[in-house]
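What follows is a short report on a single structure.
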Amino acid sequence: MHGVNNLRGIDLNLLVVLDALLSEQHVSRAATRLNMSQPAVSHALARLRLLFDDALLIRRGGQLVASSKAQQIAPVLSEALRQMQEVLGPSGFDPAREKRVFRLAMSDYGSAVILPGLTRLLRLEAPGIDLLITQSSREAMLRLVLDGECDLTLGVFPDLPERLEVGQLAVEHFACLADRERMAGKDRLDMEAYLSRPHVLVAMKDGANTEIDTTLRDMGHVRRIAVTLPHWGNAPRLIRGTDLILTVARNALALYEGDASLTIFEPPFQVPPLHFVQVWHERSGGDPAHRWLRNAVASVAMSLSAGSVV
């Protein structure tokens with residue numbers, strides 16, 4: 001039975017497998033998502049190739065990419081299955097019984113403020129769901145989602161490519177961290193004192209255009225960056241016993257609120273707030289497990305400090 005004109009004999013389960021394969025573009029990940037063995041998914045793919053008389057997924061450069069026909073099929077199939085789920089009622093998704101691996105991309109800041117609460121929630125409500133966390137630049141993390149290598153990315157993304165959807169988690173405001181002894185009895189710095197001190201910059205690459213430096217440049221100022229590092233978690237540890245100033249999202253400093261040797265204060269200028277969001281591909285929008293995960297992330301974000309939560 002060849003061609004797409006004679007589909008009356010197709011097992012609906014094959015179409016579910018095809019939808020997962022076209023979404024994941026990876027046999028083992030599709031198998032994990034479907035709770036099937038990899039050989040079973042490979043066998044289903046072979047049957048689908050015969051039924052559609054098309055390769056559907058083509059190996060290029062060590063990766064599987066969708067054929068032209070598969071690219072045409074994917075959105076139609078995904079929407080058809082979504083509508084069928086609505087007609088047939090609840091999908092049967094049960095987080096307590098789900099066995100799946102989700103791949104998330106986030107900075108160590110996102111890991112610090114979201115991951116502990118998310119992990120506790122998963123262990124309580126969905127112990128069969130595992131997480132694989134990666135970190136990269138903003139652009140690289142968005143590319144991972146676009147390419148299907150990542151299910152969800154958390155961070156600050158001013159510009160989003162097409163086919164990506166976004167959910168806002170929190171509005172973050174900036175705060176400064178300094179060694180208390182180097183503050184000469186003051187609880188904050190004015191602009192002159194702020195600019196006279198060396199600074200720590202958190203950025204994945206040298207010369208990154210951060211919101212802080214963009215704001216200063218628009219005001220005609222430039223600060224001296226003495227240390228640039230890619231990790232939010234290590235940055236506050238550089239401040240104690242030095243004249244360095246760290247300016248980051250306030251929630252990144254939560255662990256240092258009660259530290260008597262450090263001072264937290266507002267910057268001496270207005271910096272636009274950061275919109276901390278989660279981003280996913282539109283192909284995952286209707287997946288009940290994926291939707292549950294996004295809701296779990298959003299619920300964890302609500303536990304952030306009341307002044308930062310949307």
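Rule-based calculations on the coordinates, nothing more; no lab input. As the structure is a computational prediction, the values presented were derived from the model and not from experiment.
Annotations
- Averaging over all projection directions, the Cα-based convex hull of region 237-296 occupies 6.7 nm² in the image plane.
- Helix 68-88 vs. the chain, principal-axis angle (Cα, 0 to 90°, nearest 10): 90 degrees
- Cα extents for region 165-310 along the principal axes, largest to smallest and rounded to whole angstrom: 55, 33, 24.
- For region 12-88, alpha-carbon Rg relative to the globular expectation (2.2 N^0.38 Å, N residues): 1.05
- Taking the inverse of the mean 1/r over every pair of distinct Cα atoms in the chain gives a Kirkwood hydrodynamic radius of 22.0 Å.
- Cα gyration tensor shape of region 48-169, rounded if a/c is under 1.5, else prolate or oblate by comparing a/b with b/c: oblate
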